[in-house]
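The values are calculated or read from the model by the stated rules, or taken from the named source; none is laboratory data. Quantities reported herein were computed from a predicted structural model and do not represent experimental measurements. Cβ sites come from the backbone with ideal geometry, for glycine too, and all protein chains shown count toward neighbours.
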């Protein structure tokens, strides 16, 4: 069974702080995505990473794919209340149609 | 605006009812997913259709019956559900790098 463990599970911070969310697995993935989900809505794709060691930036968000393609991190600089939500990583292994989601990190940013 | 449309947005049904959830995408993707999401949990994969054929069934009870009439449409037929089946049901289509584009979901309540 493939598992994607995210840490921390919950994060409550003040506006302007920095944070990092981790996504770890013992499995190798051909690609990995990060999503953000708001209550009652579907997850929204933030980024896809496909190359080991890849780093992508999306405004204040920085995503990194581990060299061994088993883990990833999401770093947010100067968090804002609009960043509040559930952050999910998801990975697809080679030769499979499955897209498996991580355990999720719930972020709350207070003004 | 999401390019994956799910209907209805909300559904309340009795345990003896038969209902269907519908999903439509116009991005030309050839794979589509059904996920179930309980409160405060990540999405759990139920079914994957690839080129209009069922490629993955994650041991889902037969009271859930998927159907893919064509590459743009995905249905989930529901019959004799239980209260514990109440959840947010999410449909997604798969992009070229295995990323998922989600609809807004159907909030299902079984009474």
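In table form, for the structure just shown:
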quantity: Spans of strands (runs of 3 or more DSSP E) in segment B:42-99 with at least 2 residues farther than 16 Å from residue A:99 by Cα and free of Cβ contacts under 8 Å to residues at least 40 places away in the same chain; calculated: B:64-70
quantity: Looking only at segment B:70-96, and only at residues there that are at pLDDT below 95 and surrounded by fewer than 14 Cβ atoms within 10 Å (Cβ to Cβ), the one that is farthest from the other protein chains (Cβ to nearest Cβ); calculated: B:70
quantity: Every residue from segment A:51-97 that is at the interface with chain B (Cβ under 9 Å from one of its Cβ atoms) and surrounded by fewer than 16 Cβ atoms within 10 Å (Cβ to Cβ); calculated: A:96
quantity: Selection count, segment B:100-111, where residues are more than 14 Å from chain A (Cβ to nearest Cβ) and either under 20 Å from residue A:101 (Cα atoms) or crowded, with 16+ Cβ neighbours inside 10 Å (or both); calculated: 1
quantity: Hits in segment B:31-41 - residues which are under 15 Å from residue A:102 (Cα atoms), in a strand (DSSP E or B) and more than 10 Å from chain A (Cβ to nearest Cβ); calculated: B:36
quantity: Residue match in segment A:11-19 (condition: assigned to a strand (DSSP E or B) and within 14 Å of another protein chain (Cβ to nearest Cβ)); calculated: no
quantity: Residue match in segment B:54-66 (condition: buried (at least 22 other Cβ atoms within 10 Å of the Cβ), within 11 Å of the chain's Cα centre (by Cα) and at pLDDT 95 or above); calculated: no
